[in-house]
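The values are calculated or read from the model by the stated rules, or taken from the named source; none is laboratory data. Since we're looking at a predicted model, the values are computed, not measured. Every residue, glycine among them, receives a Cβ derived from its backbone with ideal geometry; neighbour counts consider all protein chains shown.
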Amino acid sequence: MFDRSRSRLPRRLRAVVDWIVTIAVAVVVVLAIEAEVAKPYRIPSASMEPTLHCAKPALGCEANHSDRVIACRICFRLESPKRGEIVVFTSPPQAAESAPAGCGEGGTYVKRLIGMPGDTIHEDSQARISIDGKLLAEPYVTAAARAADTRYANRTWHVPEGDYFMMGDNRGNSCDSRTWGPVPRHDLIGDAVLTYWPPNRISTH
């Protein structure tokens, strides 16, 4: 029906209609992909430095431009989250509370998944993390980040079933699950699979 009606139009008008339809379909496809498959996010704070950069002059940021990452929204529908993944999630309500109970700001966070459902997590006096009594290898945490992390020495947390424990790589400058608790499964948006901006920071995770 559309092709028959379009054929009656002048050639130039048909070309315009073709472009409009093409652009409209492209927009719909992009929006559908963003809503259901993958979505971009900007790194707003220094909690994941130096793995993910935020922009100066914000406190602790190392770069002139914030990294932008793609979160795979569909990935967590196809498989369960895994320890060590960088995850985009909606923060619990407690995160919006003022310190020391929260971060003073809620919304979308980007952290590393450290604790799985049922885990017992311990942070020792040297800011090393153990899971169920076994020391966790964390090459993404720098010595400087460990040295600055003095708030949670000799603390232990238990992760309830259905929840996940998130921590920033920049341990001394991260407000995370150690402050406001674990994150329910339904609040996980997706794992950050790609840094796509700026160009010199393009990498997979």
Conditions: (1) farther than 16 Å from Lys82 by Cβ; (2) under 16 Å from the mean Cα position of the chain (by Cα); (3) modelled with pLDDT of 95 or more. Ile114 meets all but one. Number of the miss? (1)
Of all residues in the range 70-111 being within 19 Å of Asp169 (Cβ to Cβ), among the β-branched types (Val, Ile, Thr) and modelled with pLDDT under 95, which is surrounded by the most Cβ atoms within 10 Å (Cβ to Cβ)? Ile70
Out of everything in the range 175-205 that is within 11 Å of the chain's Cα centre (by Cα) and small (Gly, Ala, Ser), what residue ends up being surrounded by the fewest Cβ atoms within 10 Å (Cβ to Cβ)? Gly190
How about the range 150-174: which of its residues are buried (at least 21 other Cβ atoms within 10 Å of the Cβ) and polar (S, T, N, Q)? Asn170, Ser174
Pairs returned, first residue in the range 102-129 that is more than 13 Å from Val88 (Cα to Cα), second residue that is among the aromatic types (Phe, Trp, Tyr) and in a loop (DSSP other than H, G, I, E, B), beta-carbon separation under 8 angstrom, 6 or more apart or interchain, are Glu123/Tyr152; Ala127/Tyr152
Condition first: in contact with a Ser or Thr (Cβ under 8 Å, 6 or more places away or on another chain) and either aliphatic (A, V, I, L, M) or surrounded by fewer than 19 Cβ atoms within 10 Å (Cβ to Cβ) (or both). Now tell me which residues in the range 60-69 satisfy that. Gly60, Arg68, Val69
Filter the range 112-123 down to the residues that are loosely packed, with under 14 Cβ neighbours inside 10 Å and assigned to a loop (DSSP other than H, G, I, E, B) and list them by number. Gly118
Tell me, please, whether a residue that is under 16 Å from Gly190 (Cβ atoms), modelled with pLDDT of 90 or more and among the hydrophobic types (A, V, I, L, M, F, W, C) can be found in the range 60-68. no
For the range 67-87, name all the residues that are touching a Leu at 6+ places or on another chain (Cβ under 8 Å) and in a strand (DSSP E or B). Val69, Ile70, Ile86, Val87
